[in-house]
Amino acid sequence: APRSDDGTTRCGDFWLGVLRDVDEATRYAELLESQNDELTQILDTIPTYVWFKDTRHRILRCNRAAAEATGLSVEQIEGRLTREVYPSQAVLYEHTDLKVLDSQQPVRDLTKVLESVDGQRRLMHVDKYSLPGGESLADRILVVGTDVTEVEFVISALLQSVSQFKELFRSSPIGMLLVNQDGKIEMVNSEAERIFGYPAETFETMTIEQLIAPESRSR
């Protein structure tokens with residue numbers, strides 16, 4: 001039967017009109033869009049770096065923190081390959097991506113360097129998870145990174161300070177003992193060894209009371 005311009009079909013002297021209810025599909029699409037907006041807002045609020053990638057290392061989504069650390073906008077990153085956004089680290093990133101996909105097991109606490117477009121380097125602890133797509137979606141990879149640059153800087157500074165303290169302690173011309181709250185001797189310098197006449201190994205088995213005469217301990 002001939003079809004008219006308005007989508008109805010002429011059947012002899014009758015017109016057959018076919019109606020399709022799209023309200024449910026529209027509501028579902030609106031719900032998905034609302035949930036997507038909510039997820040984006042949550043991801044962009046947290047300071048943790050987040051990326052979603054496909055099995056070909058293409059970045060499907062990243063949050064604002066990850067983009068800002070790279071020096072690019074979210075729009076400049078999403079849809080691009082890992083090697084295009086992070087060229088100097090791409091080989092390492094892709095290697096661990098494949099490891100997660102092959103094993104279908106998370107890879108946790110990786111230490112990686114994130115380099116921005118202006119050359120700044122930040123140290124990250126990274127976890128990677130495989131997200132099976134099922135029937136409707138392709139497999140994906142979730143990458144979660146925590147910036148530990150400042151923490152590592154503080155640890156390095158503390159270690160350096162401890163090293164400097166030990167050097168000054170050991171080389172002091174004054175006899176010195178480092179004693180904990182239980183009275184156990186933890187460190188002794190060479191001048192104290194000379195004064196008391198014990199080697200450092202002996203001090204490690206002693207308490208401070210053993211070096212002080214009983215009548216002097218109360219002082």
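The values are calculated or read from the model by the stated rules, or taken from the named source; none is laboratory data. Values in this document were obtained by computation on a predicted structure and should not be read as measured data. Neighbour counts run over all protein chains shown; Cβ positions are idealised from the backbone, glycine included. Surface areas here come from the heavy atoms of the whole protein model, side chains and all, with no ligands, DNA or RNA. Shrake-Rupley method; radii C 1.70, N 1.55, O 1.52, S 1.80 Å.
Phi angles of the stretch 68-80 translate, via the Karplus equation with coefficients 6.51, -1.76, 1.60 and θ = phi - 60°, into HN-Hα couplings of 5, 5, 7, x, 10, 8, 4, 5, 6, 9, 4, x, 9 Hz per residue; Gly and Pro are given as x. Normalised size of the stretch 70-132, defined as Cα radius of gyration per 2.2 N^0.38 Å with N residues, equals 1.17. Sorting THR82, THR149 by solvent-accessible area of protein heavy atoms yields THR149, THR82, largest first, with a 1.4 Å probe.
At full extension, ASP139 and VAL117 could sit 5.0 nm farther apart than now, given 0.36 nm per residue minus the alpha carbon distance. If the chain linking GLU68 and LEU39 were pulled fully straight, counting 0.36 nm for each residue of separation and taking away their Cα-Cα distance, it would gain 8.6 nm. For the stretch 84-206, the calculated P(r) over all alpha carbon pairs, in 10 Å bins from 0 to the bin holding the longest distance, is 11, 25, 17, 13, 16, 13, 4, 1 percent. Compared with the alpha-carbon gap, the fully stretched path from LYS99 to VAL151 is longer by 15.9 nm at 0.36 nm per residue.
If you plug the beta carbon distance of ILE46 and SER161 into 1/(1 + (r/R0)^6) with R0 = 35 Å, you get a FRET efficiency near 0.60. Taking every protein chain into account, the 1.4 Å probe leaves SER218 with about 110 Å² of accessible area, to the nearest ten. TYR129 sits with roughly 60 Å² accessible to a 1.4 Å probe, with DNA, RNA and ligands left out of the calculation. The order of THR202, THR111 by accessible area, most exposed first and with a 1.4 Å probe, is THR111, THR202.
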